[in-house]
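See structure below.
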Amino acid sequence: MRCLAKFFLFIGFGTAVLSAAAQRAEAELLIAVDKSSQRLSVVVDGAQRFTWPISTGVAGGPPSGTFRPERLERMWYSRAYDWSPMPHAIFFYKGFAIHGTGYVSRLGRPASHGCVRLRPDHAATLFALVQNYGANRTRIEISGSAHAMDRSSPHGMAQAATMNSYATAPGYLRSR
């Protein structure tokens, strides 16, 4: 009887360990960007950990949707925008990235060419989390609208053209 009890105890313990490992394998990092509120929320394993002010594109970018990180660059310089530094860049769609900025006074309102800007220390924290979880377990959700782009008005058409030109802008150059 004792042997049988030990066996079931062992099986129960093994199941608990496997269950914990399976939960960790399914654990996910969610980066939720809300262009309407100009806030970025970080949800780790289902629990909200951070909410930070951001700046998204003045023309409405980045595009809304669900993405995975495509690549990480500790320091990147934008060839398209006067070699602007992009510390802790998390690229997720074409040339769009989440990255740190020196223009922290502009956070909380649209100010970029289309990327998601945040404070450099927040960018470093987010970068480390994405490195830890990996691209396959990181999801980036972009929602909301910084501006209603009315394509029937000349101003709305200019906004759409600016956003489209950024999405197809030439690449970026890594720091040496």
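Descriptive notes on the structure:
- For region 66-125, a/c is less than 1.5, where a ≥ b ≥ c are the root eigenvalues of the C-alpha gyration tensor. That puts it in the rounded class.
- Three-way shape label, region 35-80, alpha-carbon gyration tensor, a/c 1.5: oblate
- Take every pair of alpha-carbon atoms less than 8 Å apart whose residues are at least six positions apart; their mean separation over the length of region 65-109 yields a relative contact order of 31 percent.
- Oblate is the label for region 55-98. Its Cα gyration tensor axes, ordered a ≥ b ≥ c, give a/c of at least 1.5 and b/c at or above a/b.
- Model label sites at SER36 and LEU72, defined 7 Å from Cα along the beta-carbon direction, differ in position by 3.1 nm.
None of the figures in this text is laboratory data; all of them are computed from the coordinates on show. Every value quoted in this text rests on a predicted model; they were computed, and no experiment measured them. Cβ coordinates were reconstructed from backbone atoms using ideal geometry, including for glycine residues, and neighbour counts include every protein chain displayed.
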